[in-house]
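Following: one structure in structure tokens, then a few remarks.
The values are calculated or read from the model by the stated rules, or taken from the named source; none is laboratory data. Being a predicted model, the structure only gives us computed values, none of them experimental. Reconstructed Cβ throughout: ideal geometry from the backbone, glycine too, with neighbour counts over all protein chains shown. The accessibility values were calculated without ligands, DNA or RNA, using every heavy atom of the protein model including side chains. Shrake-Rupley method; radii C 1.70, N 1.55, O 1.52, S 1.80 Å.
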Amino acid sequence: MAREATINTLLEEERIFHPPEDFVKQANVNSQELYAEAKANPRLYWGMQAERLDWFQKWDKVLEWNPPFAKWFVNGKLNVSYNCIDRHLCTWRRNKAAIIFEGEPGDSRVLTYWDLYREVTQFANVLKGLGVRTGDRVAIYLPMIPELAITMLACARIGAPHSIVFGGFSAEALRDRINDAGAKVLITADGGWRRGKVVPLKKNADAAMTQTPTIEKAIVVRRTNQEIDMKQDRDVWYHELMAKAPLGCPAEELDSEHMLFILYTSGTTGKPKGVVHTTGGYLVGISTTHAMVFDVKDSDVYWCTADIGWITGHSYVVYGPLANGATTLIYEGAPDWPEPDRFWEIIEKFGVTIFYTAPTAIRAFMKWGRKWPSGRNLSTLRLLGTVGEPINPEAWVWYYQNIGGSRCPIVDTWWQTETGMIMISPLPGITPLKPGSATVPLPGIDADVVDAAGNPVPLGQGGFLVLKEPWPAMLRTIYGDDRRYIDTYWTRFPGKWTYFAGDGAKRDYHNYYWMLGRVDDVINVAGHRLSTMEIESSLVDHPSVAESAVIGKNHELKGQAVAAFVTLKARAFSELKSAKKSFKEIEGELKAHVAKKIGAIARPDDVFLTAELPKTRSGKIMRRLLRDIAEGRILGDTTTLADPAVIADLKQKYESRES
Ligand code: WTA
């Protein structure tokens, strides 16, 4: 059985899927010439794409590149919220659905572009009334409800950079992000719905705000209606402020390089990186790719299932679709609530035509079985997408057949928080698809696969994925830390200003890219980047733990799962020995501790207690060997180990526990 599956997978990788003829006929991009045009003169190409936006003042120059610092559309003036809302109001789109919202309990709301204009301008006035000025940072910690899009657009309208913190993050993660950005206002909610339960956002926010000296006001959206504490002078209800806020608020004429937002992402050290995105280049990059990759038309109902708290939600739930005047769907809750067909029910209910999700979700759908999608009418779908991690060919083909009815192209889109926009992806009307490959870089994008010295590797071989030329939606820096920006992304290959993505990749003989996962100490759990260092430091923060090493272990559904190897402090160890505490208790405590420090997504699946960790003579933990153990492989090179007996012992104990 297992062998058959492997062979099938190999065969499938060779399969090529051509876009159906009727799709080709109507596609937004239907000629390969675009690639050549963009390659011949990338700046001219991006200048042309920038014409899709409304500018208060046109740029003088497309790009000013002082590696690794870029300025795009120099001296151009524009406003993101104006481009996402106001410019549609003088067209028939005024009454078009901008946002379709489905709450987890089944409530739904449709906001037209006019509705969005009203809500956003009113809230922009609320922010101004609380003293928020252009340049002030605003932290947002909300569930997936329309107010999340409304508040971010209001920030963009007045030029206050937002920092959105995913609602699944803990109080401490929220606190650290607020403090790094020095946010003045926090926008949160009483709670959000997840699998029928309330996520206590306000409670977490209260805990965070005991240690955030820069926060002056907290604005609270009422969503779940449960009891919360409102702190006098600091906390104010969203609906009360909105009831008094006047309609209409001018969109600030902002410089193209004005900071639009900060979004924190995991790096190889414990401290999250505040990735900075600016206005003009970002909006050009995401509106262009949104139109081309998703082939969006005015008649589409477009649904990207990502949480807005991640970059995918920023770029392809909110800003990209709205800049293009599309209808974007927002769903608050879990895919299996109340039943595993919730997504398919939503597609049927709203006639969704374009559906963009993550491989980890697709693998879960596969596990739940085809009976769930087959019980719903999915015939409105015409295009599917994936993002976040490599998709295994088996899942690709399942998605293609069972969700797309074998008629919808799939766009496998490779990109990052740092790239801001999709970089490597098929264009659905012209790119033949191979299951598991993100295919080729988009027009205007110059990527490569190189060896450790920065030289291109021959086709068919693996190497590091790099980007050789700047692109409009690229990050501009790490907030407050130019040094870290340079060191993390630009100095891997000395002498060349090449962006290092941290991913391994190979190119096949058709020049198609195959992503091979992260090559640094970042692991990808269910499409979310987590830093092994950050989880390790949260474990060591627990009073029982002396040392820990965290690795990503292959996982059937999540892609990777967190596995922690932990050595205990002497006291904790003797408690265990004397049976004062059981292994289960300690394991439970450690898992809960990580969830508290970072969030439930970082909770280890597996905690393994060990007397010692394998180290090099210079004291570096050899995580590579721990990965071999956790995945049941033969150990790799052990010659640099300080004490080879440690690893042999560890392997034996680990395996006897597994069985
Ligand atoms: C991984 C999400 C393979 C990759 C937009 C990247 C992918 C990291 C793909 C960025 C894909 C994203 N195929 N791997 N189509 N898309 N990745 O910052 O490792 O949350 O570096 O941005 O996800 O994750 P991030």
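How far, in nm, would the chain grow between Trp368 and Asp487 when pulled straight, counting 0.36 nm per residue and subtracting the alpha carbon separation?
Fully extending the segment from Trp368 to Asp487 adds 38.5 nm.
Place the peptides 278-284, 260-266 in order of packing, highest mean first, counting for every residue the other Cβ atoms within 10 Å and averaging per peptide.
Going from most to least packed, we get 278-284, 260-266.
Net charge near Ala97: determine it from the other residues with C-beta under 12 Å of the C-beta of Ala97, scoring Lys and Arg +1 and Asp and Glu -1.
In short, +1.
With each pseudo-label sitting 7 Å past Cα toward Cβ, what's the Lys231-Ala611 distance in nm, one decimal?
Simple spin-label model gives 4.9 nm for this pair.
Kindly rank 393-402, 142-151 from highest to lowest mean number of other beta carbons found within 10 Å of each residue.
For the peptides 393-402, 142-151, the packing ranking is 142-151, 393-402.
Students often get this wrong: which residues of region 154-185 have the backbone nitrogen under 20 Å from the point 7 angstrom along Cα-to-C-beta of Arg195?
Only 166-171 pass the distance filter.
Please compute P(r) over all alpha-carbon pairs of region 3-141, binned at 10 Å starting from zero, and give each bin as a whole-number percent.
With a bin width of 10 Å, the distribution comes to 8, 19, 26, 25, 16, 6, 0.
Taking the dipole about the Cα centre of region 522-658, with the C-beta of Lys and Arg at +1 and of Asp and Glu at -1, give me whichever of Ser537, Ala579, Pro644 is farthest to the positive side.
Positive-end residue among those listed: Ser537.
Evaluate Rg over Rh across region 522-658, taking Cα atoms for both radii and Kirkwood's formula for Rh.
0.95
Could you do me a favour and compute the accessible area per residue for the chain, 1.4 Å probe, result in Å²?
39 Å²
Starting from a Cα-only point model with no solvent, please compute log10 I(q)/I(0) by Debye for the chain at q = 0.05, 0.07 1/Å.
-0.22, -0.45
If the chain between Ala453 and Glu589 were fully stretched, how many nm would it gain, using 0.36 nm times the residue separation less the Cα-Cα distance?
Working it through step by step, the gained length comes to 44.5 nm.
Report the FRET efficiency, 1/(1 + (r/R0)^6), for Lys581 and Asp336, where r is their Cβ-Cβ distance and R0 is 35 Å, rounded to 0.05.
Taking R0 as 35 Å, the efficiency between Lys581 and Asp336 is 0.50.
Quick one: net charge of Leu127's neighbours, Cβ under 15 Å, K/R +1, D/E -1?
+1
In nm, to one decimal, how far is the Phe56 label point from the Ile634 one, both placed 7 Å along Cα→Cβ?
About 6.7 nm separates the two model spin labels.
Which peptide among 479-485, 384-390, 124-130, 491-497 comes first, and what is the full order, when sorted by highest mean count of other Cβ atoms within 10 Å?
Top of the packing list down: 384-390, 124-130, 479-485, 491-497.
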